[in-house]
Amino acid sequence: MDFGISTFVTDDGIRPDVLGEALEERGFGSLFLAEHSHIPASRETPYPGGGELPRVYYRTLDPFVALTAAAARTSDLVLGTGIALLIQRDVIHTAKEVASLDLVSRGRVAFGVGVGWNREEMANHGTDPATRGALMDEQIEALKAIWTSEQAEYHGKHVDFDPISAWPKPVQQPHPPVYIGGESPAALRRLAKHGNGWLPRSSTPIDEIRRVRDWLAEQGRTDVPFTVFGGAADGDVIKRFADADVERYTFMLPTLPEAETLAALDDLARLAAGYR
């Protein structure tokens with residue numbers, strides 16, 4: 001099983017270029033960064049983790065800028081979004097950002113997407129929470145069309161554009177893998193139809209991990225790797241996921257200043273070494 005890091009890169013934590021280099025030096029294979037464009041000052045949507053919304057949600061760097069900085073200081077590290085809030089994004093701009101990052105990193109992007117939870121944040125982007133799932137399904141189809149076609153067009157209910165020319169094209173063929181975040185029935189249907197990988201959270205029961213693997217296989221999808229997102233530094237938890245044949249486990253790294261982050265990474269690297 002490969003090991004990586006999930007985290008929030010902010011303006012008051014370790015720099016993404018320094019973080020990327022430190023991860024590669026310690027043998028970690030991937031970096032998945034969270035995204036929030038903003039947090040509305042007046043918010044009714046409860047934080048899924050309970051209690052007050054952590055400070056990091058307010059201060060995240062743009063993931064594609066941060067991952068580009070990490071790409072410049074690394075050579076093999078997989079550069080992932082965990083997750084990009086695709087429903088809050090312009091699909092054509094996003095296609096260019098992902099393809100540009102894949103180009104400058106020489107084909108190291110893992111594009112993790114999800115529908116998100118903060119309804120007020122969605123609304124500020126003009127997204128109707130009631131139709132966000134249908135919107136994202138169309139966005140994924142449109143992204144793949146842009147990445148793989150000389151002239152792409154898409155005509156759906158929520159995404160609609162006539163033929164366009166858009167470059168660069170991604171290095172990875174046919175396109176960077178799209179990892180679907182979430183464990184709901186709708187997310188799993190999206191995974192089976194559109195996904196190239198799954199990003200279940202570490203709270204997902206092991207029986208569900210196995211059930212989804214079998215369910216995908218019944219649909220002919222035996223090619224879907226699983227990446228556990230935001231895992232605990234707990235050997236028993238790691239072993240359970242390893243026994244379920246999960247391909248990658250990402251530790252949730254707290255957002256800390258550089259010296260404290262490097263010390264935390266040393267501890268995580270020692271833990272991961274026992275399960276490689």
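Once the Cβ-Cβ distance between Ile164 and Ala263 is put in as r, and R0 is 41 Å, what FRET efficiency do you end up with, to the nearest 0.05?
Values: r = 48 Å, r/R0 = 1.17.
So, using R0 = 41 Å, E works out to roughly 0.30.
Suppose R0 equals 35 Å; then what is the FRET efficiency for Asp76 and Ala134 from their Cβ-Cβ distance, rounded to the nearest 0.05?
Values: r = 37 Å, r/R0 = 1.06.
So, using R0 = 35 Å, E works out to roughly 0.40.
From largest accessible area down, sort Thr131, Thr222, Thr45; use a 1.4 Å probe on the protein chains. Intermediate results must be reported in sequence, preceding the final value.
Values: Thr131 50, Thr222 115, Thr45 15 Å².
From most accessible down to least: Thr222, Thr131, Thr45.
Residue by residue through the stretch 121-128, what is 3J(HN,Hα) from phi via Karplus (6.51 cos²θ - 1.76 cosθ + 1.60, θ = phi - 60°)? Round to whole Hz and write x for glycine and proline.
4, 4, 4, 5, 8, x, 9, 7
Taking amide H positions as placed in the peptide plane 1.01 Å from N, state which residues far from Gly156 in sequence (5 or more) or on other chains have amide H under 5 Å from it.
So Gly156 has HN proximity to Phe161.
Taking the Cα centre of the chain as origin and charging only Cβ (+1 Lys, Arg; -1 Asp, Glu), how large is the dipole, in debye to the nearest 20? Don't skip to the end; give the middle numbers.
Numbers: 28 positive and 40 negative charges, 72 e Å.
Using Cβ point charges on Lys, Arg, Asp and Glu, the chain gives about 340 debye.
At 222 nm, what helix-only mean residue ellipticity would the chain give, in deg cm²/dmol to the nearest 500, using -39500 (n - 2.57) for each DSSP H run of four or more?
Working: 9 runs with 105 residues, N = 276.
That comes out to -11500 deg cm²/dmol.
Given a 1.4 angstrom probe, I'd like the percentage of the accessible area of the chain that is carbon and sulfur, rounded to a whole number. Mind dumping the intermediate values first?
Details: 6180 of 12490 Å².
C and S atoms contribute 49 percent here.
Accessible area, 1.4 Å probe, largest first: how do Trp167, Trp198 sort? Could the numbers behind the result be given before it?
Working: Trp167 115, Trp198 0 Å².
Order by accessible area, largest first: Trp167, Trp198.
Would you tally the net charge around Leu199, using a Cβ to Cβ cut-off of less than 12 Å, leaving Leu199 out, and scoring K and R as +1, D and E as -1? Display every interim value, and only then the final one.
Values: positive: Arg190, Arg201, Arg248; negative: Glu183, Glu247.
With Lys, Arg at +1 and Asp, Glu at -1, the neighbours total +1.
How many angstrom separate the Cα center of the stretch 216-267 from the Cα center of the stretch 94-168?
Taking the Cα centre of each part, the stretch 216-267 and the stretch 94-168 sit 26 Å apart.
Please compute the contact order of the stretch 26-177 in relative form: average sequence separation of alpha-carbon pairs under 8 Å and at least six residues apart, divided by the residue count, as a percent.
On the way: 234 pairs, mean separation 37.1, N = 152.
For the stretch 26-177, the relative contact order is 24 percent.
Take the Cβ-Cβ distance between His155 and Arg201 as r, set R0 to 35 Å, and report the resulting FRET efficiency rounded to the nearest 0.05.
Working: r = 34 Å, r/R0 = 0.98.
E(calc), rounded to 0.05, equals 0.55.
Note the count of lysine pairs whose C-alpha atoms are less than 19 angstrom apart in the chain, limited to pairs 8 or more residues apart or on different chains. Provide the component values of the computation, followed by the final result.
On the way: Lys96/Lys144; Lys96/Lys169; Lys144/Lys157; Lys144/Lys169; Lys144/Lys193; Lys157/Lys193.
For the chain, the number of qualifying lysine pairs is 6.
Residue-wise, which Karplus ³J(HN,Hα) couplings in Hz belong to the stretch 59-66, taking 6.51 cos²θ - 1.76 cosθ + 1.60, θ = phi - 60°, and x for glycine or proline?
10, 5, 6, 4, x, 6, 5, 5
Which whole-number value in Å² is the accessible area per residue of the stretch 119-276, probe 1.4 Å? Intermediate values should be presented prior to the final figure.
Details: 7780 Å² over 158 residues.
It amounts to 49 Å² per residue over the stretch 119-276.
Mind jotting down the three principal axis lengths of the chain based on Cα atoms? Whole angstrom, largest first.
Projected onto the principal axes, the Cα atoms of the chain cover 52, 43, 41 Å.
The values are calculated or read from the model by the stated rules, or taken from the named source; none is laboratory data. Only a predicted model underlies this, so the values are computations on that prediction, with no experimental measurement involved. Every residue, glycine as well, gets a Cβ built from its backbone with ideal geometry; the counts of neighbours run over all protein chains shown. To get the accessible areas, we keep the full protein, side chains included, count just its heavy atoms, and leave off ligands, DNA and RNA. Shrake-Rupley method; radii C 1.70, N 1.55, O 1.52, S 1.80 Å.
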